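Student: Take this structure first; my questions come after.
Nothing in this text is a laboratory measurement; each read-out follows from the coordinates by a stated rule. Note that the structure is a prediction, hence the values are computed from the model and not measured. All Cβ positions, glycine included, derive from the backbone under ideal geometry; neighbour counts span all protein chains shown.
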Amino acid sequence: MTEGFSAEERAAVKARAQELKNAGRGKDKDEAALLAAIAEMGEPDRALAERVHAIVTAAAPELAPKTWYGQPAYARPGKGGKVVCFFRSGLKDKERYSSLGFTAEANLDEDGFWPTSYAVTELSEDAEAALFQLVKRAVS
């Protein structure tokens, strides 16, 4: 029998409730919240999240940085913009790796089989190039 949500899951739910309460506060505040969430991460997740942020914003400057369940995410612009991709800190989630995920809003559908999430422990040059192309495709 399970005992309910873990402390990490409860924190994520509370963070999401706060995000919904603050919806529509403006792009600058949303990006500041994302940067604050990254700054709170322990290493090596902070460095990974900073690199992911740089790649996503370069590949798809039209996406709006924000937090989603207290973690970095990138959404289509406009009120109620839907998240396209997100980064989850493995340290924060008490997992052995961080992850980079894509939601159903991402245009990655291909031949009935496509990625929705990747484990991330480091970003090589090849991985950075692949991420850049995935994000470009996701917003196409």
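Student: Excluding E105 itself, calculate the net charge of residues whose Cβ lies under 10 Å from the Cβ of E105, where each Lys or Arg counts +1 and each Asp or Glu counts -1.
Tutor: +2
Student: Here's something else I'd like to know. What's the local net charge at A129, with K and R +1, D and E -1, over the other residues with C-beta under 15 Å away?
Tutor: Within the 15 Å Cβ shell, the charges total -1.
Student: If you stretched the chain out fully between T57 and A127, how much longer would it get, using 0.36 nm times the residue separation minus the C-alpha to C-alpha distance?
Tutor: Net length gain for the segment: 23.6 nm.
Student: Please report, in whole Å³, the volume per residue of the convex hull around the C-alpha atoms of the stretch 7-138.
Tutor: Per residue, the Cα convex hull of the stretch 7-138 comes to 107 Å³.
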